[in-house]
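Notes for the one structure printed next.
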Amino acid sequence: MGVRAERPAGRDLLRVQGLQSGYGEITVLWGVDLAVREGEITALIGSNGAGKSTLMRTLSGLVPARGGKVTWNGEEIQGDSPARVLDLGIAHVPEGRRLFSAMSVEDNLIMGAYLRKIGRAEMQRDLDRIYTIFPKLRERRSQAAGTMSGGEQQMCAIGRGLMSAPRLLMIDELSLGLSPLLVEQLIDALNALNREGLTILVVEQDVVTALELSTSAYVMDTGRVVQHGPSRELLRDPAVRQAYLGVLAG
Ligand SMILES: Nc1ncnc2c1ncn2[C@@H]1O[C@H](COP(=O)(O)OP(=O)(O)OP(=O)(O)O)[C@@H](O)[C@H]1O
Ligand SMILES: [Mg+2]
């Protein structure tokens, strides 16, 4: 083999073109175009029912794509199974967290690694890494996940996602129902993971939080991307401010 070219920073790790999907008779995504650049935090915002969760479910293979193309690292992956998508390095922290509530925190984390063929030592090393990021989870590792607070459950859900050793972590509704202090802790953790090289796609209802956390952002409305650009610019955009921050343009 020849000399492999250096990968340019910020190339598209995930590229979505004309993606369509839905449920039964209902079409939800009408042709979504979006790109997630490697090493960045990308935010997805938009009103309730815009299709943000459906987009994440379609990307992770839980909802079948009905049209369009999803390219991961240069390879087309639309139509791949959820296990295959996870194995490729895309982890999905779903809306509502979906932990195994009767199982312990640690067993939930271990479930995140189920596709990886790793031995005890590596598993323990990865668990320790999660416990370093979220010390609360170490304290509570034997507790049933369903009895944890909302914030602790979100840490556990993110930890479970990380246990698959992803290159892209997709988080649906990062801050929903969590206290400001906890949201701040989660954001610190995500920024630290991002600095270590993790690419993140986050759906976040709080538009200011979303735009401050991310480098680029996409605005969805009724199953389409209606606006996108650098987060800093969107934060200043009068239309975005008026639609999502209740600030009157003028
Ligand atoms: N399992 C389902 N069966 C049928 N319709 C669904 C299903 N899940 C979602 N929908 C519909 O798809 C549309 C988009 O929903 P989705 O959950 O993707 O929106 P969202 O942008 O994540 O909204 P929110 O901000 O409220 O989480 C909505 O009209 C919703 O009713
Ligand atoms: Mg949603």
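The values are calculated or read from the model by the stated rules, or taken from the named source; none is laboratory data. Here the structure is a predicted model, which is why all the values come from computation and not from measurement. Note that each Cβ is placed from the backbone with ideal geometry, even for glycine, and that neighbours are counted across all protein chains shown.
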Please name all residue pairs, on different chains or six or more residues apart, with Cβ atoms under 8 Å, provided the first residue is in the range 42-55 and is on the phi > 0 side of the Ramachandran plot and the second residue is within 6 Å of ligand 1 (Cβ to nearest atom) and in a loop (DSSP other than H, G, I, E, B).
none
Evaluation of Arg4 against (1) closer than 15 Å to Glu204 by Cα; (2) modelled with pLDDT under 95 (one fails), failing number
(1)
So, of the residues in the range 146-163 that are part of a loop (DSSP other than H, G, I, E, B) and in contact (Cβ under 8 Å) with a residue 24 or more places away in the chain, which turns out to be farthest from Ala192 (Cα to Cα)?
Met148
The condition of being of a type in the set (Val, Ile, Thr) and either exposed (fewer than 14 other Cβ atoms within 10 Å of the Cβ) or more than 15 Å from ligand 1 (Cβ to nearest atom) (or both) holds, among Val219, Val207, Val183, only for Val183
When residues of the range 89-122 are limited to those that are surrounded by fewer than 16 Cβ atoms within 10 Å (Cβ to Cβ) and among the aliphatic types (A, V, I, L, M), the one farthest from the chain's Cα centre (by Cα)
Ala121
Screening Val36, Val70 for residues that are more than 16 Å from ligand 2 (Cβ to nearest atom), under 25 Å from Leu235 (Cβ atoms) and crowded, with 20+ Cβ neighbours inside 10 Å leaves only Val36
Just name the residue that is nearest to ligand 1 (Cβ to nearest atom) out of those in the range 34-85 that are more than 17 Å from the chain's Cα centre (by Cα) and among the acidic types (Asp, Glu).
Asp80
